[in-house]
Amino acid sequence: MCFLIEQVHLDYLEAGADIIITASYQVITKISLSLSLSLSLSLWNLHSVSLECGQATIQGFEAKGFSRGDSEALLRKSVEIACEARDIYHDRCREGSPDGSNDGRVLKHRPILVAASVGSYGAYLADGSEYSGNYGDAITLETLKDFHRRRVQILAESGADLIAFETVPNRVEAQAFAELLEEEDIKIPAWFSFNSKDGINVVSGDSLLECASIVQSCKNAVAVGINCTPPRFIHELILSIKKVTTKPILIYPNSGESYDGDRKEWVQNTGISDKDFVSYVNKWCEIGAALVGGCCRTTPRTIRAIYETLSNRSASLSSQ
């Protein structure tokens, strides 16, 4: 399994990725973030970034019979695998073909970042509630902080470059993440990405403006945006986020396919092609997206197409 996860990381790096996300979410997704950016904390330039996430929570591992110690070790292992993939990729860059022909792979030596993925409480439940944000009245701010606290501590101390709070479905969980970063004095930066099913609010119905405002006030947050949302909604969501934040906006939609939470499968023939997906990219960048990519049901081909689109955009802007 470790080899397979490492190979997935490498597939996305060779498609042009600059970031790989650790296998510490709930289900495997793929992300490519593309566009040159200097973050406000002057940490990185990002160009054609690709990420992917897998399954891991302490509580989930324990439910499968693992001890607390083994569960924590598996989280640390997710960071270790990503770091090893980065090292292998850099070796391949050094060993690349002198004439530049690398079987279509992007072998370009550049800084690669490892992001530690933290999914929502709903992802742990595996009942589709990360796509509704409806946890019930018994799940409070303190409940969520207690649930996430140890995982955030471990991932922040395991060698990752940043934390990616992903598919955040409601305001209270965003607040829980922001308070945890402060309470635990987390040293590495974080980004927050929400999901939406109507192009206006986050999936719970909470105001996207309120959610993004929480991130704007979080000193450790270096970017805020949207993931796992149909591409057709992204334009208006970017415009909404811009109203309340000065932080870089990151966008990594899914393919547009619908997910059946009861059957736990994607509905066939409900998404868009890679060609249609990347047709949105330049427009998203024009209106304010600083990082653009793809989440569920996108592939290395999608990421490579985004890499090429953003490379062409960068060249065009440079020539003006």
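The values are calculated or read from the model by the stated rules, or taken from the named source; none is laboratory data. Remember, predicted model here, so these are calculated numbers, not experimental data. Virtual Cβ from ideal backbone geometry, glycine too; neighbours counted across all protein chains shown. Accessible surface is based on the protein model in full, side chains and every heavy atom, while ligands, DNA and RNA are left aside. Shrake-Rupley method; radii C 1.70, N 1.55, O 1.52, S 1.80 Å.
From the residues in region 276-301 that are in contact with a Phe, Trp or Tyr (Cβ under 8 Å, 6 or more places away or on another chain) and part of a loop (DSSP other than H, G, I, E, B), which one is surrounded by the most Cβ atoms within 10 Å (Cβ to Cβ)? Ranking the candidates gives G294 first. If you scan region 151-196, which residues turn out to be closer than 20 Å to I81 by Cα and of a type in the set (K, R)? Once the filter is applied, which keeps residues that are closer than 20 Å to I81 by Cα and of a type in the set (K, R), region 151-196 yields only R151.
Would you point out which residue out of S207, S217, S213, S196 is touching a Phe, Trp or Tyr at 6+ places or on another chain (Cβ under 7 Å), in contact (Cβ under 8 Å) with a residue 12 or more places away in the chain and at negative phi? Sole residue among the options that is touching a Phe, Trp or Tyr at 6+ places or on another chain (Cβ under 7 Å), in contact (Cβ under 8 Å) with a residue 12 or more places away in the chain and at negative phi: S196. Criterion first (in contact with a strand residue (DSSP E or B) (Cβ under 8 Å, 6 or more places away or on another chain), acidic (D, E), surrounded by fewer than 19 Cβ atoms within 10 Å (Cβ to Cβ) and at pLDDT below 95) does E308 satisfy it? Spelling it out, it is not the case that E308 is in contact with a strand residue (DSSP E or B) (Cβ under 8 Å, 6 or more places away or on another chain), acidic (D, E), surrounded by fewer than 19 Cβ atoms within 10 Å (Cβ to Cβ) and at pLDDT below 95. Can you report the number of residues in region 263-275 which are open to solvent by 60 Å² or more (accessible area, probe 1.4 Å) and assigned to a helix (DSSP H, G or I)? The number of residues fulfilling the criteria is 1.
Rundown of residues vs (1) closer than 21 Å to I20 by Cβ; (2) touching a strand residue (DSSP E or B) at 6+ places or on another chain (Cβ under 9 Å); (3) loosely packed, with under 15 Cβ neighbours inside 10 Å; (4) at pLDDT 95 or above, yes/no style:
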site: L141; (1), (2), (3), (4): no, no, yes, yes
site: L144; (1), (2), (3), (4): no, no, no, yes
site: F147; (1), (2), (3), (4): no, no, no, yes
site: L162; (1), (2), (3), (4): yes, yes, no, yes
site: F165; (1), (2), (3), (4): yes, yes, no, yes
site: E179; (1), (2), (3), (4): no, no, no, yes
site: E184; (1), (2), (3), (4): no, no, no, yes
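Residue-wise test of (1) part of a helix (DSSP H, G or I); (2) polar (S, T, N, Q); (3) at pLDDT below 50; (4) closer than 22 Å to G119 by Cα.
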site: L4; (1), (2), (3), (4): yes, no, no, yes
site: D11; (1), (2), (3), (4): yes, no, no, no
site: G16; (1), (2), (3), (4): no, no, no, no
site: Q26; (1), (2), (3), (4): no, yes, no, yes
site: K30; (1), (2), (3), (4): no, no, yes, yes
site: L35; (1), (2), (3), (4): no, no, yes, no
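Note on region 253-285: residues that are out of contact with any strand residue (DSSP E or B) (no Cβ under 9 Å at 6 or more places or on another chain), under 21 Å from V202 (Cβ atoms) and touching a residue at least 60 places away in the same chain (Cβ under 8 Å) total 1. Here is a list of conditions, (1) closer than 25 Å to G136 by Cβ; (2) in contact with a Phe, Trp or Tyr (Cβ under 6 Å, 6 or more places away or on another chain), and P231 meets all of them except one; can you say which number that is? (1) is the only condition that P231 fails. Answer yes or no: is there a residue in region 247-256 that is out of contact with any Phe, Trp or Tyr (no Cβ under 6 Å at 6 or more places or on another chain), within 19 Å of N134 (Cβ to Cβ), open to solvent by 10 Å² or more (accessible area, probe 1.4 Å) and in a loop (DSSP other than H, G, I, E, B). Taking every residue of region 247-256 in turn, none turns out to be out of contact with any Phe, Trp or Tyr (no Cβ under 6 Å at 6 or more places or on another chain), within 19 Å of N134 (Cβ to Cβ), open to solvent by 10 Å² or more (accessible area, probe 1.4 Å) and in a loop (DSSP other than H, G, I, E, B). The listed residues are F61, F66, and the only one of them that is open to solvent by less than 50 Å² (accessible area, probe 1.4 Å), aromatic (F, W, Y) and more than 21 Å from the chain's Cα centre (by Cα) turns out to be F61.
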